[in-house]
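Please read the structure below before turning to the comments.
The values are calculated or read from the model by the stated rules, or taken from the named source; none is laboratory data. Note that the coordinates shown come from a computational prediction; the quantities given were computed from them, not determined experimentally. A quick note on method: Cβ atoms are made from the backbone with ideal geometry, for glycine too, and the neighbour counts reach across all protein chains shown.
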C-alpha cells in the first residue's frame, strides 16, 4: 500500500512591477481567497517577498523546516531552500535565485514569482493586493470547479464545498496516487457502522469533483473498517478502503493518506476556501 505525503517545490525569482511603497502594505489572495498572515508581503531588491509557509500551504504544499533549511514538496517536486542563500536545490539540481530567502518575525520570506510560476500559477497586483491564481484541475478533459465533501454523524450530516484550485488539485492527486491494489467490494458498507457483520465498513467521507454546472465528474468514497469485533474476527481485513464510485472499483487505501486528506480539507476550511451548504447535525 502506498503512503502518500502531499507536498511542493520551487525555481527562479523574476522581477515584479509594483513599487516598494505599495508592496509594503499589500495583502495576499490565493485562488480568490484572502490569506491571513502576520507578516505582509514586502519589496526587497526589486522582488516581492512573501511568507513561505502561508503561500506554499495554500498552494497545496508540504513545508518542513530544519535548522536554516526549508524543504518543500508537492507531487514529484522537491525543493530545498536555505535562509540567506541564493542557491536552491530543485529535484537534486542547483538553481540560482535572484533574491535570497530571509527571516522576519520568525517567518521565512521568499520571492513570490519564484514559487508561483514554478507551480504554473499567475501572479498579479491590484489595489495593494498580491494575487496568485492556479490553474483548475482537469479530469477527462473537463475543468473541475468545486470539490464537494460530505460526512455523516449519528444524527445528521454536513456537506461542504471547496473552491480553491490548488486544494482541489492536491486532494485529487493524493487520492488518485494513494490508491493501492484493487480489491473486491466488502460484504457490508454504508454511512452507518454495521456492528452485526465482521468485516463491514462505514463511509468516512465522500469527495465529489464537480464541473462548472455542478455535475459530478469523479467521486471517491473513503471507508473505514468497523472494529467493534474481536481481533481474530478482523484478521485479513484492511483498515481503510477507497471506492471509485464512477467505475465502481474498490482499492486499498492508507491511513496516512486519510490523515493527509483531513489536513488538506481542514486547512482549506480554516483559510476561507470552503463553505457549508448543508448541516443537518442535531
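For the reader, a short list of remarks on this structure follows.
- Looking only at region 97-114, and only at residues there that are touching a strand residue (DSSP E or B) at 6+ places or on another chain (Cβ under 7 Å), in contact (Cβ under 8 Å) with a residue 60 or more places away in the chain and outside any loop (DSSP other than H, G, I, E, B), the one that is surrounded by the fewest Cβ atoms within 10 Å (Cβ to Cβ): 107
Condition check ((1) part of a strand (DSSP E or B); (2) in the same structural domain as residue 115 (by TED's automatic domain parsing); (3) within 19 Å of residue 279 (Cα to Cα)) across all residues:
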position	(1), (2), (3)
154	no, no, yes
158	yes, no, yes
173	no, no, no
192	no, no, yes
196	no, no, no
205	yes, no, yes
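- Checking residue 128 against (1) outside the structural domain of residue 33 (by TED's automatic domain parsing); (2) over 19 Å from residue 60 (Cβ atoms); (3) in contact with a helix residue (DSSP H, G or I) (Cβ under 8 Å, 6 or more places away or on another chain), the condition it does not meet: (1)
- Selection count where residues are under 27 Å from residue 260 (Cβ atoms) and surrounded by fewer than 14 Cβ atoms within 10 Å (Cβ to Cβ), scope region 83-92: 2
- Residue 276 vs. criteria more than 18 Å from the chain's Cα centre (by Cα), outside any helix (DSSP H, G or I), surrounded by fewer than 14 Cβ atoms within 10 Å (Cβ to Cβ) and in contact (Cβ under 8 Å) with a residue 60 or more places away in the chain: yes
- Per this entry, residue 149 is counted among residues that are at pLDDT 95 or above and either surrounded by fewer than 17 Cβ atoms within 10 Å (Cβ to Cβ) or outside any loop (DSSP other than H, G, I, E, B) (or both).
Table: residues versus (1) at positive phi; (2) in a strand (DSSP E or B); (3) buried (at least 20 other Cβ atoms within 10 Å of the Cβ).
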{"position": "34", "(1), (2), (3)": "no, yes, no"}
{"position": "37", "(1), (2), (3)": "no, no, no"}
{"position": "48", "(1), (2), (3)": "no, yes, yes"}
{"position": "55", "(1), (2), (3)": "no, no, yes"}
{"position": "60", "(1), (2), (3)": "yes, no, yes"}
{"position": "65", "(1), (2), (3)": "no, yes, no"}
{"position": "72", "(1), (2), (3)": "no, yes, yes"}
{"position": "81", "(1), (2), (3)": "no, yes, yes"}
{"position": "95", "(1), (2), (3)": "no, yes, no"}
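- Filtered residue count, region 252-273, keeping only those that are in contact with a helix residue (DSSP H, G or I) (Cβ under 7 Å, 6 or more places away or on another chain), farther than 28 Å from residue 199 by Cβ and not in a loop (DSSP other than H, G, I, E, B): 3
- Where residue 117 falls short, out of the listed (1) modelled with pLDDT of 85 or more; (2) surrounded by 14 or more Cβ atoms within 10 Å (Cβ to Cβ); (3) outside any strand (DSSP E or B): (1)
For every residue, the table says whether it meets (1) outside the structural domain of residue 178 (by TED's automatic domain parsing); (2) under 26 Å from residue 265 (Cα atoms); (3) within 20 Å of the chain's Cα centre (by Cα).
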| site | (1), (2), (3) |
| --- | --- |
| 62 | yes, yes, yes |
| 70 | yes, yes, yes |
| 74 | yes, yes, yes |
| 80 | yes, yes, yes |
| 85 | yes, no, no |
| 89 | yes, no, no |
| 108 | yes, yes, no |
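Condition check ((1) surrounded by 15 or more Cβ atoms within 10 Å (Cβ to Cβ); (2) touching a strand residue (DSSP E or B) at 6+ places or on another chain (Cβ under 6 Å); (3) without any contact (Cβ under 8 Å) to a residue 12 or more places away in the chain) across all residues:
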{"site": "185", "(1), (2), (3)": "no, yes, no"}
{"site": "198", "(1), (2), (3)": "yes, no, no"}
{"site": "212", "(1), (2), (3)": "no, no, no"}
{"site": "256", "(1), (2), (3)": "yes, no, no"}
{"site": "259", "(1), (2), (3)": "no, no, yes"}
{"site": "264", "(1), (2), (3)": "yes, no, no"}
{"site": "267", "(1), (2), (3)": "yes, no, no"}
{"site": "270", "(1), (2), (3)": "no, no, yes"}
